[in-house]
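The values are calculated or read from the model by the stated rules, or taken from the named source; none is laboratory data. Note that this is a predicted model, so its numbers are computed, not measured. Cβ placement follows ideal geometry from the backbone for every residue including glycine, while neighbour counts extend to all protein chains displayed.
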Amino acid sequence: MSVRVADEVTQQLDALAQATGRKRSFLVLQAINDYLEREAWQVQEIQAGLAEADAGEFASNAEVASVFARFGA
């Protein structure tokens, strides 16, 4: 697999690789893994929320008002 990135990104990767003593490829793989994990979590949470909504599980008006009051909105 090949990926083209802007020269600035390559320079940032090189600087981070030098600062951390890691190889650029290690940093890229770590970034991709972090991204995939975060996105999978988000998709899972969205699907769970949709399933709750489909099941009619909503917060009551009082619960919503309580949260807004707690945060000053």
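Output the number of residues of the stretch 44-73 satisfying the condition of being under 13 Å from the mean Cα position of the chain (by Cα) and loosely packed, with under 10 Cβ neighbours inside 10 Å. Quick ask: steps written out before the conclusion?
Of the stretch 44-73, the ones under 13 Å from the mean Cα position of the chain (by Cα) are 44-46.
From what is left, the residues that are loosely packed, with under 10 Cβ neighbours inside 10 Å are none.
Count: 0.
Condition check ((1) of a type in the set (Phe, Trp, Tyr); (2) in contact with a Lys or Arg (Cβ under 6 Å, 6 or more places away or on another chain); (3) at pLDDT below 95) across all residues:
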residue: VAL3; (1), (2), (3): no, no, yes
residue: ALA17; (1), (2), (3): no, yes, no
residue: LYS23; (1), (2), (3): no, no, no
residue: TYR35; (1), (2), (3): yes, no, no
residue: TRP41; (1), (2), (3): yes, no, no
residue: GLU57; (1), (2), (3): no, no, yes
residue: GLU63; (1), (2), (3): no, no, yes
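List the residue pairs whose Cβ atoms are under 8 Å apart, where the first residue sits in the stretch 28-55 and is within 27 Å of VAL3 (Cα to Cα), the second is at pLDDT below 95 and of a type outside the set (Phe, Trp, Tyr), and the two are 6 or more positions apart or on different chains.
If the second residue must be at pLDDT below 95 and of a type outside the set (Phe, Trp, Tyr), the pairs left are VAL28/VAL3.
Being loosely packed, with under 10 Cβ neighbours inside 10 Å and within 22 Å of the chain's Cα centre (by Cα) narrows it down to one of VAL9, VAL28, VAL3, so name that one.
VAL3
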